[in-house]
1. Restrict the check to the stretch 124-141 and report whether at least one residue is at pLDDT 60 or above, among the aliphatic types (A, V, I, L, M), within 26 Å of ARG34 (Cβ to Cβ) and loosely packed, with under 15 Cβ neighbours inside 10 Å.
2. Within the stretch 16-57, how many residues are assigned to a strand (DSSP E or B) and either of a type in the set (S, T, N, Q) or surrounded by 11 or more Cβ atoms within 10 Å (Cβ to Cβ) (or both)?
3. Is one or more of the residues making up the stretch 65-85 surrounded by 11 or more Cβ atoms within 10 Å (Cβ to Cβ), at pLDDT 90 or above and in contact with a Ser or Thr (Cβ under 7 Å, 6 or more places away or on another chain)?
4. Answer yes or no: is there a residue in the stretch 93-108 that is over 24 Å from the mean Cα position of the chain (by Cα), modelled with pLDDT of 70 or more and assigned to a helix (DSSP H, G or I).
5. Is it the case, given these coordinates, that PHE40 is within 30 Å of SER182 (Cα to Cα) and in contact (Cβ under 8 Å) with a residue 60 or more places away in the chain?
6. Do we find a residue being over 30 Å from LEU32 (Cβ atoms) and either modelled with pLDDT under 75 or surrounded by 10 or more Cβ atoms within 10 Å (Cβ to Cβ) (or both) anywhere in the stretch 178-197?
7. Could you check how many residues of the stretch 91-102 are of a type outside the set (D, E, K, R), open to solvent by less than 100 Å² (accessible area, probe 1.4 Å) and either without any contact (Cβ under 8 Å) to a residue 12 or more places away in the chain or more than 22 Å from GLU177 (Cβ to Cβ) (or both)?
Amino acid sequence: AQPAKEHRSYTTPWDTTEGLEAAAALAELYGLVRLFVNFFQPSFKLANKTRDGAKVKKRYHPPATPHQRLLADPRTGEAVRQRLEALHTTLDPIRLLQSIRTAQQRLVEIANRPVASDAAPRAVPTLEQFLSGLRTAWQEGEVRPTAQPKQKVKRLRPGTDPFAAVTVQLHDWFAAEPWQTSRELLDRLQAEQPGDYPDGQLRT
C-alpha cells in the first residue's frame, strides 16, 4: 500500500499540477507577482565595471523598481506614463502580498489533492494469474503478461477559432495595455458582448 500523501502549507519544486483550475490559479499568481515586482520591488542594476589585473570593480545604479526606471527613461511616452501612474495609484503592496499568499495557498491545495493513481492503485496479479497468462501473452503481441494495455491518445480535430471575430480588437487592447492578463481581456470582452464568450474559453 502506498503511504498517504502529505498535506503541506507550502509548495516544492517537484510538485506538479495539471488542469484548467491549476492553470487559472497559476495565471492569477503570476499576475499578482508581476504587479508587486514591477511597482514595489527595487533592484540594483550594473552601471559599469572596471578591471585592474585580476580585480574587478563594479558600480551600480541606485536601487529602483522597474516602474521607476521606465518613468525615468526619456523614451517613455506621455500616454504610457499616465497609464502607469493611474495603475500605480490603485495598488497597495500589503494587499498584493496578501493576495499572493492566498494564491500560493490555492496552488498548495490543488497540489495536495489525491490523483487517480493514488486513489485506485493498480492490482498486482497473483502467481496463478501470472503463470496462466504466459500461455496466451504471445497471441496479443506482449512479452510481459503483467503489462497493462496502452491507451490510445485521442486526437481532437482542430476546431474554429472562437475569437476569430475579435482578434483585431484583442490585439489592439493588448498593444495599448500590454500588462493586461488574459483574465482581464476576457472580462472586458464579456462586458462588451455578454453571453458570447463564457469563462470556459479563458485558456483559449
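The values are calculated or read from the model by the stated rules, or taken from the named source; none is laboratory data. Treat the numbers as computed from the prediction; the structure is a model and nothing was measured. Every residue, glycine among them, receives a Cβ derived from its backbone with ideal geometry; neighbour counts consider all protein chains shown. Heads up: the accessible areas ignore ligands, DNA and RNA and are worked out on the full protein's heavy atoms, side chains in. Shrake-Rupley method; radii C 1.70, N 1.55, O 1.52, S 1.80 Å.
1. The answer is no; no qualifying residue exists.
2. Kept after step one, since they are assigned to a strand (DSSP E or B), are these residues of the stretch 16-57: 43, 46-52, 55-57.
Right, trim to either of a type in the set (S, T, N, Q) or surrounded by 11 or more Cβ atoms within 10 Å (Cβ to Cβ) (or both) and you get 43, 48, 50.
So the count comes out to 3.
3. Yes: the stretch 65-85 contains one or more residues that are surrounded by 11 or more Cβ atoms within 10 Å (Cβ to Cβ), at pLDDT 90 or above and in contact with a Ser or Thr (Cβ under 7 Å, 6 or more places away or on another chain).
4. no
5. On the way: within 30 Å of SER182 (Cα to Cα): yes; in contact (Cβ under 8 Å) with a residue 60 or more places away in the chain: no.
Judged against the criteria, PHE40 is not a match.
6. Taking the stretch 178-197 and keeping what is over 30 Å from LEU32 (Cβ atoms), we get none.
Scanning the stretch 178-197 turns up no residue that is over 30 Å from LEU32 (Cβ atoms) and either modelled with pLDDT under 75 or surrounded by 10 or more Cβ atoms within 10 Å (Cβ to Cβ) (or both).
7. Within the stretch 91-102, residues that are of a type outside the set (D, E, K, R), open to solvent by less than 100 Å² (accessible area, probe 1.4 Å) and either without any contact (Cβ under 8 Å) to a residue 12 or more places away in the chain or more than 22 Å from GLU177 (Cβ to Cβ) (or both) number 2.
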